[in-house]
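Novice: Pasting in a structure now, in structure tokens, and then I'll have a few things to ask.
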Amino acid sequence: MNVTIFGTGYVGLVTGTCLADSGHRVCCVDIDQDKIDRLNSGEIPIYEPGLSSLVSKNVEAGRLHFTTDAAEAVAYAEVIFIAVGTPPDQDGSADLSYVLAVASRVGELMEQPKIVLNKSTVPVGTADLVQDAIGAALQLRGLSLDFEVASNPEFLKEGNAVADFMKPDRIIVGTESDWVRKQMTELYAPFNRMRDKLVFMDPRSAEMTKYAANAMLATKISFMNEMANLAEHLGADIELVRQGIGSDPRIGYHFIYPGCGYGGSCFPKDVQAIERMAQKVGYEAQLIGAVEAVNQRQKSKLYQRVCSHFDGDLKGRTFALWGLAFKPNTDDMREAPSRVLMEQLWQAGARVRAYDPEAMAETRRIYGDREELLLCDSQDEALDGADGLIICTEWSSFRTPDFDSFHQRLKEMVIFDGRNLFDPQQMGDQGFIYYGMGRGRSLDGFKRG
């Protein structure tokens, strides 16, 4: 099939590349000419394991190309995806201006029947708005063309997006059209062989499924962070509690790791958006509001620990920071806990020596050159002369460091672990003061004796 995708961001690029790799012919359109030129040469603007080689492979094979020509893109395919950004508006609700601009553009340019699929994460009822925008543009042209608008939300995890698309748990399509059902069955056939993963429903239910999924996962994280905070006061170890409850198949082990808060492009934005959706229809979503409040509080937890340990005297101190991305296997720093921490440390007069395997360029893009921030070439270099180590991201290379070198590099043997990478008893035995998240004695730091 010929497929067009509006948007070459994270979702659009992964979707287009994976569809092309399955044999479809894909045209991706964006307004940024420099970005399009780089993509056509095989250079991608984000870090996502396995994606770069797939882009190059399918560009060379002629199945994937990128353009800024919207007219070419609309004419290219019967099936058009909208995969542009829906950033939070000032009140936290999703900004649909980019989605509706694409919808209007499709209506201005289409000359044959089209299926338009919302791949962007959009509030419930957006399919109706897109339908109206396309219809209004056609009416201005005096044309009557068949078209259908459907919802096809994405469920991609950053750091595992290619595998998620190639081997999906489910493929949600919100439509009441037999035409759309037939085309989507054909489009997704390469990803639907072992068992039927296609789930058809009405558009509003599909739109809500995306938000409900992310809100549920965010709820699990905030719940565990709340339990971790309680465990500290009760003298329990949340890691043991996690193992105990995770063994219950009704709960499972996924998304029950306590830490310094969730970030990224999805959970914070989508939790806020669903809360605003509830407010607009006069419903008070108390649980959703609590999920967001717990997460915001959790992002300041590491700073509070550091402050408490040093009796509030942080001016002139330097801290090693391991991990800048909001999670491993990505360079994404949107809503990352590291950003909250660094900005609080700088406000208190402290300096940061930071390292992340992939997010260094993104950190430099966000913060530029600052006297109080040094981006180091390795995790060991970040330790040199620091008053303590703070961990914000659970990269695998951080899990087995050379602890002996810490004694030569750090001024003080103190670790503030926002991801519970290490065992408190072992850290105490090696002479460290160790602050974990919900590790029983975390309030005062765990140390030998």
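The values are calculated or read from the model by the stated rules, or taken from the named source; none is laboratory data. Only a predicted model underlies this, so the values are computations on that prediction, with no experimental measurement involved. Cβ coordinates were reconstructed from backbone atoms using ideal geometry, including for glycine residues, and neighbour counts include every protein chain displayed. Just the protein is used for accessible areas: all its heavy atoms, side chains included, with ligands, DNA and RNA removed. Shrake-Rupley method; radii C 1.70, N 1.55, O 1.52, S 1.80 Å.
Novice: Take each of the peptides 66-77, 41-52, average the number of other beta-carbon atoms within 10 Å over its residues, and list them starting from the highest.
Specialist: Details: 66-77: 17.9, 41-52: 16.1.
Those peptides, ordered most packed to least, come out 66-77, 41-52.
Novice: Moving to a separate point now. Output ³J(HN,Hα) for the range 68-78: one whole-Hz value per residue in order, computed from phi by the Karplus curve 6.51 cos²θ - 1.76 cosθ + 1.60 with θ = phi - 60°, and x for Gly and Pro.
Specialist: Running phi through 6.51 cos²θ - 1.76 cosθ + 1.60 with θ = phi - 60° gives 9, 8, 5, 5, 4, 5, 5, 6, 5, 9, 7 Hz.
Novice: Would you calculate, for the chain, the mean residue ellipticity at 222 nm contributed by helices, counting each DSSP H stretch of 4 or more residues as -39,500 (n - 2.57) and dividing by all residues, to the nearest 500?
Specialist: -13000 deg cm²/dmol
Novice: Once the dipole of the range 1-101 is set up with Lys and Arg at +1 and Asp and Glu at -1 on Cβ about the Cα centre, which of GLN33, LEU64, THR8 lies farthest towards its positive end?
Specialist: It is LEU64, whose Cα lies furthest towards the positive end.
Novice: Counting heavy atoms of the protein chains only and a 1.4 Å probe, report the per residue accessible area for the chain as a whole number of Å².
Specialist: Per-residue accessible area for the chain comes out at 44 Å².
Novice: In what sequence, largest accessible area first, do ILE115, ILE288 appear using a 1.4 Å probe? Walk me through the numbers on the way to the answer.
Specialist: Values: ILE115 0, ILE288 25 Å².
Final ranking, largest accessible area leading: ILE288, ILE115.
Novice: With charges only on Cβ, +1 for K and R and -1 for D and E, what is the dipole size of the chain about its Cα centre, in debye, rounded to 20?
Specialist: I would put it at about 760 debye.
Novice: I've got another one for you. Please name whichever of GLN279, TYR434, VAL340 sits farthest to the positive end of the charge dipole of the chain, dipole taken about the Cα centre and charges placed at Cβ: Lys and Arg +1, Asp and Glu -1.
Specialist: Toward the positive end, the furthest listed residue is TYR434.
Novice: First select every other residue whose beta carbon is under 14 angstrom from the beta carbon of GLU362; then total the charges, Lys and Arg +1, Asp and Glu -1.
Specialist: Overall, the nearby charge balance is -2.
Novice: Here is a further query. Which lysines have a Cα less than 28 Å from the Cα of LYS114, not counting those fewer than 8 places away in the same chain?
Specialist: Hits, sequence-local ones excluded: LYS35, LYS167, LYS182, LYS197, LYS210.
Novice: Let me ask something else about it. From the protein chains alone at 1.4 Å, what is the descending order of accessible area for LYS114, LYS315, largest first?
Specialist: Order by accessible area, largest first: LYS315, LYS114.
Novice: Run the dipole for the range 352-445 about the Cα centre, Lys and Arg Cβ at +1, Asp and Glu Cβ at -1, nothing else charged, and hand back the magnitude in debye, nearest 20.
Specialist: I would put it at about 280 debye.
Novice: Let me ask something additional. In the range 85-215, what percent of the accessible surface is made up of carbon and sulfur (1.4 Å probe, ligands and nucleic acids excluded)?
Specialist: Carbon-and-sulfur percentage of accessible area, whole number: 50.
Novice: Between ILE80, LEU117, THR219, whose Cα lies farthest towards the positive end of the dipole of the chain when Lys and Arg beta carbons carry +1 and Asp and Glu beta carbons carry -1, centred on the Cα centre?
Specialist: So the residue furthest toward the plus end is THR219.
Novice: Give me the angle, in degrees from 0 to 90, between the Cα long axis of helix 286-298 and the longest principal axis of the Cα atoms of the chain, rounded to the nearest 10.
Specialist: That works out to roughly 50 degrees.
Novice: Net charge near ALA127, counting Lys/Arg +1 and Asp/Glu -1 over other residues with Cβ under 13 Å of its Cβ?
Specialist: Net charge around ALA127: -3.
Novice: Around ASP332, which amide H atoms from residues at least 5 apart in sequence, or from another chain, sit under 5 Å from its own amide H, with H modelled in the peptide plane?
Specialist: PHE326
Novice: May I ask what percent, to the nearest 5, of DSSP beta bridges between residues of the chain are antiparallel?
Specialist: Bridges in the chain that DSSP calls antiparallel: roughly 10 percent.
Novice: If one takes the longest principal axis of the Cα atoms in the chain, at what angle in degrees, from 0 to 90 and to the nearest 10, does the Cα axis of helix 203-234 lie?
Specialist: Roughly 0 degrees, rounded to the nearest 10.
Novice: On the full set of protein chains, 1.4 Å probe, figure out the accessible area of LYS411 and give it in Å² to the nearest 10.
Specialist: Its heavy atoms expose roughly 140 Å² to the probe.
Novice: Computing the accessible area with a 1.4 Å probe over protein heavy atoms, can you report the carbon and sulfur percentage for the range 224-383?
Specialist: 50
Novice: Which net charge results when you count Lys and Arg as +1 and Asp and Glu as -1 among the other residues whose beta-carbon is under 15 Å from that of ASP169?
Specialist: +4
Novice: Over the heavy atoms of VAL294, what accessible area does a 1.4 Å probe trace out, to the nearest 10 Å²?
Specialist: Its heavy atoms expose roughly 10 Å² to the probe.
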